[in-house]
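Everything below concerns the one structure shown next.
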Amino acid sequence: MTIAYVAANSWAVARANSTAYIKGDVVRPATGNGFLYQVITAGTSAGTIPTYPTVIGDTVTDGTVTWECVGRGAWVLDAVDVAATTVTVTARYGVVYNSTPATNATRPLLALIDFGVDKVATAGNFNVTWHATGIAFVLVP
């Protein structure tokens, strides 16, 4: 597991033309300008690149998406994808914790993942694939 600062121009997800975005998605322009943009109104991006604002808090409409300029980078919590084989499990939640301390009582919880519905594996594979932007992130203005 890693916690790392990611500058806006190195953000993993670049905005794309004619693409559906949901509220909360964060992107950088395809040609980085040093800022990140978060969806505040879900929709589909236009077929051409918008003129991005470079003032934190300013917005731009892009097709039916509204983007807000939210920062110059982010602290990202990330880890390798989980791939468990030949397991039998029913899970509604997953936990991400720091396993470094010596006892369960002192291992801090870093994130709680709600799968939304029960996920079931019966003598099969149980995989968790993290989003391209990581498990969690904190935007930095």
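In contact with a Pro (Cβ under 8 Å, 6 or more places away or on another chain), on the phi < 0 side of the Ramachandran plot and outside the structural domain of Asn98 (by TED's automatic domain parsing) - does that describe any residue in the stretch 1-15?
Within the stretch 1-15, one or more residues are in contact with a Pro (Cβ under 8 Å, 6 or more places away or on another chain), on the phi < 0 side of the Ramachandran plot and outside the structural domain of Asn98 (by TED's automatic domain parsing).
Going through the stretch 122-141 one residue at a time, which ones are over 26 Å from Phe35 (Cα atoms) and outside any strand (DSSP E or B)? Walk me through how you get there before you give the answer.
Keep residues of the stretch 122-141 that are over 26 Å from Phe35 (Cα atoms), which gives 122-129.
The answer is Thr129, and nothing else.
Take Thr51 and decide whether it is at pLDDT below 95, hydroxyl-bearing (Ser, Thr, Tyr) and surrounded by fewer than 14 Cβ atoms within 10 Å (Cβ to Cβ).
When the stated conditions are applied, Thr51 does not pass them.
Taking the stated definitions as given, is Val80 surrounded by 11 or more Cβ atoms within 10 Å (Cβ to Cβ) and either touching a helix residue (DSSP H, G or I) at 6+ places or on another chain (Cβ under 8 Å) or at pLDDT below 95 (or both)?
Spelling it out, it is not the case that Val80 is surrounded by 11 or more Cβ atoms within 10 Å (Cβ to Cβ) and either touching a helix residue (DSSP H, G or I) at 6+ places or on another chain (Cβ under 8 Å) or at pLDDT below 95 (or both).
Tell me the residue from Thr90, Thr61 that is more than 18 Å from the chain's Cα centre (by Cα) and either closer than 30 Å to Ala46 by Cβ or of a type in the set (A, V, I, L, M) (or both), please. Please lay out each step first, then the result.
Numbers: Thr90 fails: either closer than 30 Å to Ala46 by Cβ or of a type in the set (A, V, I, L, M) (or both).
Answer to the selection: Thr61.
Step by step: first the residues of the stretch 83-94, then only those that are in contact (Cβ under 8 Å) with a residue 40 or more places away in the chain and surrounded by fewer than 12 Cβ atoms within 10 Å (Cβ to Cβ), then the one that is farthest from Asn125 (Cα to Cα). Which residue is that? Explain how you work it out, then say what you get.
Of the stretch 83-94, the ones in contact (Cβ under 8 Å) with a residue 40 or more places away in the chain are 83-85.
Of the ones still in play, those that are also surrounded by fewer than 12 Cβ atoms within 10 Å (Cβ to Cβ) are 83, 85.
Values: Ala83: 7, Thr85: 4 Å.
The extreme case among them is Ala83.
Can you confirm whether the stretch 130-140 contains a residue that is of a type in the set (Ser, Thr, Tyr) and touching a residue at least 12 places away in the same chain (Cβ under 8 Å)? Talk me through it step by step, then tell me what you get.
Kept after step one, since they are of a type in the set (Ser, Thr, Tyr), are these residues of the stretch 130-140: 133.
From what's left, touching a residue at least 12 places away in the same chain (Cβ under 8 Å): 133.
Within the stretch 130-140, one or more residues are of a type in the set (Ser, Thr, Tyr) and touching a residue at least 12 places away in the same chain (Cβ under 8 Å).
Which residue is surrounded by the most Cβ atoms within 10 Å (Cβ to Cβ), if the candidates are limited to the stretch 8-26 and must be among the hydrophobic types (A, V, I, L, M, F, W, C) and without any contact (Cβ under 8 Å) to a residue 24 or more places away in the chain?
Applying the filter and picking the extreme gives Ala14.
The values are calculated or read from the model by the stated rules, or taken from the named source; none is laboratory data. Everything numeric in this text was worked out from a predicted model, so none of it was measured. We place every Cβ from the backbone using ideal geometry, glycine too, and count neighbours over all the protein chains shown.
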